[in-house]
Amino acid sequence: MSRATIERNTKETQIVLTLDLDHPAPPQIATGVPFFDHMLTAMSFHGGFFLDVKAVGDLVVDPHHLVEDTGLVLGDALKHIQEARGGVQRYGHSVIPMDEALSEVTIDACGRAYWVYDPVFPQTHAGTFDLSLIREFVVALANRAQINLHAHCRYGANGHHMVESLFKALGKALAQAYAPRQGGSASMSTKGVI
């Protein structure tokens with residue numbers, strides 16, 4: 001199974017997300033936060049998978065809850081697909097440039113949540129979007145999907161370019177890690193169980 005639809009409703013956000021890893025189609029992203037929409041679209045497009053996100057949040061406060069909760073819901077969808085598939089390739093890695101920026105993402109879909117996130121952006125915002133919120137998305141995604149996720153911006157002079165290359169690398173790494181694997185979860189570890 002390569003498709004999952006997850007819904008999350010709280011007092012702060014209402015999110016419906018559909019992820020299909022095997023049937024690419026143009027992404028359909030509507031969160032009310034244009035920069036975040038742009039990043040999710042880039043992730044889906046360059047990962048070669050379908051992503052539909054319809055999200056409403058308390059943006060009058062700020063986009064924090066919406067960005068973080070979208071990471072939670074995407075993580076839930078990935079976990080659901082991994083459990084349904086039984087076996088996935090487990091590891092994914094991508095290094096993507098964008099002009100002067102270079103970003104790297106490495107994933108281990110191992111059932112253990114751990115994350116390393118070390119970008120230092122030369123600007124605090126891309127337009128009106130607070131770039132510190134990208135960390136909240138990455139942490140939520142790693143925790144809920146139960147993956148090791150290492151996200152690095154090696155260098156860059158433009159925060160927009162750095163984040164965009166990071167999301168493109170994330171898409172490619174996710175596509176690799178969650179590709180089907182014969183032999184079920186037993187084939188993913190020398191222990192015989194993931």
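Observations
- Among the residues making up segment 143-178, those that are of a type outside the set (Gly, Ala, Ser), crowded, with 21+ Cβ neighbours inside 10 Å and in a loop (DSSP other than H, G, I, E, B) are Ile147, Tyr178.
- Single condition Phe129 does not satisfy, out of (1) over 23 Å from Leu17 (Cβ atoms); (2) buried (at least 17 other Cβ atoms within 10 Å of the Cβ): (1)
- Every residue from segment 85-120 that is closer than 11 Å to Met162 by Cβ, surrounded by fewer than 19 Cβ atoms within 10 Å (Cβ to Cβ) and touching a Cys at 6+ places or on another chain (Cβ under 8 Å): Val120
- Residue in segment 74-86 that is farther than 16 Å from Arg3 by Cα, of a type outside the set (Val, Ile, Thr) and touching a residue at least 60 places away in the same chain (Cβ under 8 Å) present: no
- Candidate set: segment 22-41, residues that are hydrophobic (A, V, I, L, M, F, W, C) and outside any loop (DSSP other than H, G, I, E, B); chosen: the one nearest to the chain's Cα centre (by Cα): Leu40
FYI, it's all coordinate maths here, none of it is from the lab. From a predicted model like this one, the values you see are computed outputs, not experimental measurements. Here Cβ is always computed from backbone atoms with ideal geometry, including for glycine, and neighbour counts include all displayed protein chains.
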